[in-house]
1. Using the Cβ atoms and a cut-off under 12 Å, what net charge is assigned to the surroundings of Tyr77, where Lys and Arg are +1 and Asp and Glu are -1?
2. Using the C-alpha atoms of the stretch 25-88, what convex hull volume per residue, in cubic angstrom, is computed?
3. May I ask you to compute the full-extension gain from Lys72 to Val56, defined as 0.36 nm times their residue separation minus their alpha-carbon distance, rounded to one decimal in nm?
4. Tally Lys/Arg at +1 and Asp/Glu at -1 over every other residue whose Cβ is under 11 Å from the Cβ of Cys61; what's the total?
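Here, each number is a calculation from the coordinates, and none is a lab measurement. Just so it is clear, the structure is predicted and the values come from calculations on it, not from any experiment. So basically every Cβ, Gly included, is an ideal-geometry build from the backbone, and we count neighbours across all protein chains shown.
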Amino acid sequence: MNKMIAMLSATLAATLFAGAAIAGPSCSVPQDKWMKEADFKSHIESQGYQIKTFKVSKGKCYEIYGFDKAGKKVEIYFDPQTAAVLEAK
């Protein structure tokens, strides 16, 4: 019985840590300080990105799925105030 509980605990811990790692960065900028969505998209597209999907991540960052100027698929998290890249996959 103790062995089963230990296995379940280990599985639960691994699942929780894996979920946190996949979630992406967290942004703490107040929403009234965010760059307007249209301005952000224009700024990113002027850098050569093609935006296929734009969204606000669970961590309250701007997130895009699309392509860079070389045509490579990208998933990038941005600071919603400055448009600085926080994480790219």
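1. It works out to a net charge of 0.
2. Taking only Cα atoms, the stretch 25-88 has a hull volume of 70 Å³ per residue.
3. Taking Lys72 through Val56 to full extension adds about 3.6 nm, to one decimal.
4. With Lys, Arg at +1 and Asp, Glu at -1, the net is 0.
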